[in-house]
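Q: Shown below is the structure under consideration.
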Amino acid sequence: MGDRPRALVTGGAGFLGSHLCERLLAEGYEVVCMDNLITGSLANIEQLFGREGFVFVKHDVTNFIHVPGRLDIILHFASPASPIDYLQLPIQTLKVGSLGTHKALGLAKSKGCRFLLASTSEVYGDPLVHPQREEYWGNVNPVGPRGVYDEAKRFAEALTMAYHRHHGVDTRIVRIFNTYGPRMRAGDGRVVPTFISQALDGEPLTVFGDGSQTRSFCYVDDLVEGIWRLADSDYSDPMNIGNPAEMTVLEFAREIIRAVGSASEIEFRDLPVDDPKVRQPDISLARKELGWEPAVKLADGLEKTIEYFRGLRSAPPAQPVTE
Ligand code: UDP
């Protein structure tokens, strides 16, 4: 082990985790990528195997985490993150947000290293304040189907602040708003991979409700840059990172059809329970503290994302991994 800084990324084989591993390696870090591969995939990190300073450890972080040697930062990104994933994995979602965050914070405390929690705009629930500022406490239904994710992340934030205040752990909390880009899982049910796959197949795009609910989509490279700056800052209260460019889901469906050049139509389906009606980050804090704001335009980000999904279709099926 050399003098290079060393990072642990939990959920490192997931969509965001894999992009963070890449960024850390590019910045000269050694990276321990940890994932139980429930929703993450080795395909997301196959380009990193064999890279100097990169190791992958298959582990469920709700159990004791053992990482020998020094660590400078832990980026805790392990969790199912799409509504259908956390509806299908409700207990695992609650466990990774609570027990998993506890284990990861305990490790940060024992290593004396920095800790960054991946939190979410879902802590604001179905917000009654718009756009959402960090001071807003949210409007979450704790017993609804989405509660397993929202409350797990809210607990994770509370635990992170407790470790910060009580144990003096150097912590960061990023509240991530809808993010898209290459390596989202095609079947994860989120609106971006679903609409792109449907448009590429010429199938109707399934707009839930009347499509008037809003979201604000951030390209993954912008998000990673924001997280990078937050990790590097000394700001320990929660911070929104996302793109404030808000649009309705119906407008978004039309944008995808245009970007793919598809003849798909739009089909309306029932709105899922507790689906937030609006969502838009107020990023004044990130602008002020980090000098950060998103730079990638939706059309450009979508082009790269669509290219990725097209590539998946032409690629040969992945070989099973033997351990
Ligand atoms: N959505 C949709 N059709 C789909 C998938 C999602 O209309 O096939 C809607 C969903 O109801 C929500 C928005 O798109 O209003 C974003 O959903 P997503 O699952 O991506 O994440 P969320 O922002 O709800 O966490």
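Q: Looking only at the stretch 151-165, how many residues end up being without any contact (Cβ under 8 Å) to a residue 60 or more places away in the chain and touching a Phe, Trp or Tyr at 6+ places or on another chain (Cβ under 9 Å)?
A: Selection size over the stretch 151-165: 2.
Q: Which fully enclosed helices (runs of 4 or more DSSP H) of the stretch 92-207 have 3 or more residues being within 13 Å of the ligand (Cβ to nearest atom) and surrounded by 22 or more Cβ atoms within 10 Å (Cβ to Cβ)? Outline the logic, then answer.
A: Numbers: elements: 101-111, 147-167, 191-201.
Because the criterion is at least 3 residues that are within 13 Å of the ligand (Cβ to nearest atom) and surrounded by 22 or more Cβ atoms within 10 Å (Cβ to Cβ), the helices (runs of 4 or more DSSP H) in the stretch 92-207 that meet it are 147-167, 191-201.
Q: Sticking with this one: Given the conditions (1) within 24 Å of Ile306 (Cβ to Cβ); (2) crowded, with 18+ Cβ neighbours inside 10 Å; (3) of a type in the set (A, V, I, L, M); (4) touching a Pro at 6+ places or on another chain (Cβ under 8 Å), which single one is not true for Ile266?
A: Against the list (1) within 24 Å of Ile306 (Cβ to Cβ); (2) crowded, with 18+ Cβ neighbours inside 10 Å; (3) of a type in the set (A, V, I, L, M); (4) touching a Pro at 6+ places or on another chain (Cβ under 8 Å), Ile266 comes up short only on (2).
Q: Consider only pairs whose beta carbons are under 7 Å apart and that are at least six residues apart or on different chains; among these, list those whose first residue lies in the stretch 66-86 and is touching a residue at least 60 places away in the same chain (Cβ under 8 Å) and within 14 Å of Gly40 (Cβ to Cβ) and whose second residue is within 10 Å of the ligand (Cβ to nearest atom) and of a type in the set (Gly, Ala, Ser).
A: As it stands, the answer is Ser82/Gly189, since those pairs meet every condition given.
Q: Would you confirm whether any residue within the stretch 18-30 is crowded, with 24+ Cβ neighbours inside 10 Å, polar (S, T, N, Q) and touching a Ser or Thr at 6+ places or on another chain (Cβ under 8 Å)? Let's see the steps before the verdict.
A: Start the filter on the stretch 18-30 by keeping residues that are crowded, with 24+ Cβ neighbours inside 10 Å, which leaves 18, 20-21, 24.
With polar (S, T, N, Q) added as a condition, the list becomes 18.
Then drop every residue that is not touching a Ser or Thr at 6+ places or on another chain (Cβ under 8 Å), which leaves none.
Checked the stretch 18-30: no residue is crowded, with 24+ Cβ neighbours inside 10 Å, polar (S, T, N, Q) and touching a Ser or Thr at 6+ places or on another chain (Cβ under 8 Å).
Q: Under 6 Å between Cβ atoms, at least 6 apart or on separate chains: pull out the pairs that start in the stretch 207-220 with a residue that is touching a residue at least 60 places away in the same chain (Cβ under 8 Å) and end on any residue that is of a type in the set (Gly, Ala, Ser) and near the ligand (Cβ under 6 Å from one of its atoms).
A: none
Q: Show the residue pairs meeting these rules: Cβ distance below 7 Å; 6+ apart or different chains; first residue within the stretch 276-294 and free of Cβ contacts under 8 Å to residues at least 60 places away in the same chain; second residue within 16 Å of the ligand (Cβ to nearest atom) and part of a loop (DSSP other than H, G, I, E, B).
A: Listed pairs, sorted by first residue: Ile283/Gly242; Ile283/Pro244.
Q: Within the stretch 31-55, restricting attention to residues that are surrounded by 19 or more Cβ atoms within 10 Å (Cβ to Cβ) and over 19 Å from the mean Cα position of the chain (by Cα), which residue is farthest from Pro83 (Cα to Cα)?
A: Ranking the candidates gives Phe54 first.
Q: Which residues, counting only those in the stretch 68-91, are assigned to a helix (DSSP H, G or I) and either within 16 Å of the ligand (Cβ to nearest atom) or surrounded by 21 or more Cβ atoms within 10 Å (Cβ to Cβ) (or both)?
A: Restricting attention to the stretch 68-91, the residues satisfying the condition of being assigned to a helix (DSSP H, G or I) are 83-88, 90-91.
Once the filter is applied, which keeps residues that are assigned to a helix (DSSP H, G or I) and either within 16 Å of the ligand (Cβ to nearest atom) or surrounded by 21 or more Cβ atoms within 10 Å (Cβ to Cβ) (or both), the stretch 68-91 yields Pro83, Ile84, Asp85, Tyr86, Leu87, Gln88, Pro90.
Q: Can you tell me which of Leu48, Leu25, Leu37 is in contact with a Gly (Cβ under 7 Å, 6 or more places away or on another chain) and free of Cβ contacts under 8 Å to residues at least 40 places away in the same chain? Please lay out each step first, then the result.
A: Working: Leu48 fails: in contact with a Gly (Cβ under 7 Å, 6 or more places away or on another chain); Leu37 fails: in contact with a Gly (Cβ under 7 Å, 6 or more places away or on another chain).
The conditions single out Leu25.
Q: Report, ordered by the first and then the second residue, all pairs with beta carbons closer than 6 Å, sequence separation of six or more or different chains, a first member in the stretch 252-268 that is in contact (Cβ under 8 Å) with a residue 40 or more places away in the chain, and a second member that is part of a strand (DSSP E or B).
A: Partner pairs satisfying both residue conditions: Ala253/Leu205; Ala253/Val207; Ala253/Ile266; Ser264/Leu205; Ile266/Leu205; Ile266/Val207; Glu267/Thr206; Phe268/Val207.
Q: Take the residues of the stretch 234-283 that are more than 11 Å from the ligand (Cβ to nearest atom) and of a type in the set (Lys, Arg): which is nearest to Thr160 (Cα to Cα)?
A: Arg254
All of the numbers you see were taken from the coordinates with simple rules; none came from a lab. Note that the structure is predicted; figures quoted are calculated from it, not measured. Counting neighbours? That spans all protein chains shown, and the Cβs are built from the backbone with ideal geometry, glycine included.
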